[in-house]
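Notes follow once the structure below has been shown.
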Amino acid sequence: MIRSILFSTTTALLLSACSQVAPRGTGDLGVVVERASGSVQIIESTHQTALARVEGLGDLSHASMVFSPDQRYAYVFGRDGGLSRIDLLERRLDRRIIQGGNSIGGAISQDGKLIAVSNYVPGGVKVFDAATLQQVADIPATPLADGSKRSRVVGLVDAPGRRFVFSLFDTGEIWSADFSQGHTPRIERYKDIGQQPYDALVTPDGRYYMAGLFGEDGMAQLDLWHPERGVRRVLGHYGRGEEKLPVYKMPHLEGWALAADQAFVPAVGHHQVLVMDPRTWQQTATIAVAGQPVFVTARPDGRQLWVNFAYPDNDRVQVIDTETHALVADLRPGPAVLHMEFTARGDQLWLSARDGDQVQVWDPYSLKRLGSLPASAPSGIFFSSRAQRMGY
């Protein structure tokens, strides 16, 4: 009898082990947004394959995401106000809530314990426990003059010291929310920073927060080491003032590049990439490109920039040498290239061709395409290595 029980128990354990997914790490995992179907694909870069599709994520027309510090969970911010947590190892939707009416992005705190979401409707930022998605704080934005609604919030990033920094599009402000003492944040407000800040970035060391201005020339910069100095104007002489070209798609400042001791930023309404000295934040050069740039993405070794464009040039990707500013390649990957993402060590460049229903993998050194994966109207591509980077 004892032998029979031991045999049955051992057999059951072996069968159970065989039925489970083999253990693996998460360092090579990524997520591709399928914007038209409210789904995402979990991908892996080692063998360039798709592992699973996770559905039921709502409106992903402007979706972005962040990752937990252990790189197991992806937090997806949907345009419909949905906040979803995806388990990358179990390849499933772990939790989902509707926290607002129109969300435009989010961030994860430095310690990975808080998730902040920026909202157009209702205007403001809501903050959640990363493990449970229970709300812990609500930060309403400034009401508009007519009292009908609150300002839309954009450019939300994480900053050192368990802080979140964001911009108010309609009222021209930058706010910093400090959660270092608990769930009741200390708010610092900076007014009159410029008209219509549309997006923002934080430098890799977390020192400078920079908001691009759509309503006037220039950018607004807050030194987070010395916030008492207030916000100063950067590139105040440059913008849309000279020739107001139609803007078909707003550039994403999260896709800026810091490489070869230079900062590269997409220009608004111009067929140019701006070059700045990151020590003085003064413009040093201008690089002419094929169209209005959306993302300016640096290869991890800093030698090249990969630039994609708004309509009608969104079938092109141009590669630029950061040392000489010369055009290295003018590629035509396919219709509607929306996003580009390097693997952590730069051996691969993944890009989404929305209207071609595919994700492509390129060798950024030989400039040859390595392969492609089918996807339903893909847009954003996010690798889990973002978990180890500030502002991502």
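Values in this text are rule-based calculations from the coordinates and carry no lab data. Only a predicted model underlies this, so the values are computations on that prediction, with no experimental measurement involved. So basically every Cβ, Gly included, is an ideal-geometry build from the backbone, and we count neighbours across all protein chains shown.
Pairs of lysines 8 or more apart, or on different chains, with alpha carbons under 26 Å: count those in the chain, would you?
Summing the qualifying lysine pairs gives 6.
If I model a spin label as a point 7 Å beyond the Cα along the Cα-Cβ vector, how far apart are those points for Arg189 and His226 in nm?
Reported label-point gap for Arg189 and His226 is 2.6 nm.
Through the Karplus equation 6.51 cos²θ - 1.76 cosθ + 1.60, θ set to phi - 60°, convert the phi angles of the range 131-142 into ³J(HN,Hα) values in whole Hz; use x for Gly and Pro.
Going residue by residue, I get 7, 10, 6, 7, 5, 10, 7, 10, 10, x, 7, 5 Hz, with x marking Gly and Pro.
Among rounded, prolate and oblate, which fits the chain when a ≥ b ≥ c are the square roots of the eigenvalues of its C-alpha gyration tensor, a/c under 1.5 means rounded, and a/b larger than b/c means prolate?
oblate
Taking all pairs of different Cα atoms in the range 265-392, averaging 1/r and flipping that mean, what Kirkwood radius in angstroms comes out?
One decimal place: 15.0 Å for the Kirkwood radius.
List the residues of the range 25-69 whose backbone N lies under 20 Å from a point placed 7 Å from the Cα of Asp80 along the Cα-to-Cβ direction.
Under 20 Å, as judged by backbone N against the label point of Asp80, lie 32-42, 53-66 of the range 25-69.
Rounded to the nearest 0.05, what FRET efficiency is calculated for Thr49 and Asp146 with R0 set to 51 Å and r the Cβ-Cβ distance?
That pair, Thr49 with Asp146, gives E of 0.45.
Would you work out the relative contact order for the range 338-392, in percent, from Cα pairs under 8 angstrom that are 6 or more residues apart?
Once divided by the residue count of the range 338-392, the mean separation gives 32 percent.
Just Asp28, Asp146, Asp277 to compare: in a GNM of the chain, with alpha carbon springs under 10 Å, which one fluctuates most?
Maximum fluctuation in the GNM of the chain, among the listed residues, is at Asp146.
Highest GNM mean-square fluctuation, the chain, Cα pairs closer than 10 Å: which of Asp357, Asp217, Asp301?
Comparing Asp357, Asp217, Asp301 in the GNM, the peak value goes to Asp301.
Below 8 Å between Cα atoms, with a sequence gap of 6+, how large is the relative contact order for the range 304-377 in percent?
Worked out over the range 304-377, it gives 19 percent.
Mind giving me the nanometre distance, one decimal, between the label points for Ser180 and Met390, set 7 Å out from Cα along Cα→Cβ?
1.2 nm
Please work out the Cα center distance from the range 125-177 to the range 318-357, rounded to the nearest Å.
32 Å
For the chain, what is the relative contact order in percent, using Cα pairs closer than 8 Å and at least 6 residues apart in sequence?
So the answer I get is 11 percent.
Go ahead and estimate [θ] at 222 nm for the chain from helices alone: -39,500 (n - 2.57) per DSSP H run with n ≥ 4, summed, over the residue count, rounded to 500.
Using -39500 (n - 2.57) per qualifying helix, the result is -1500 deg cm²/dmol.
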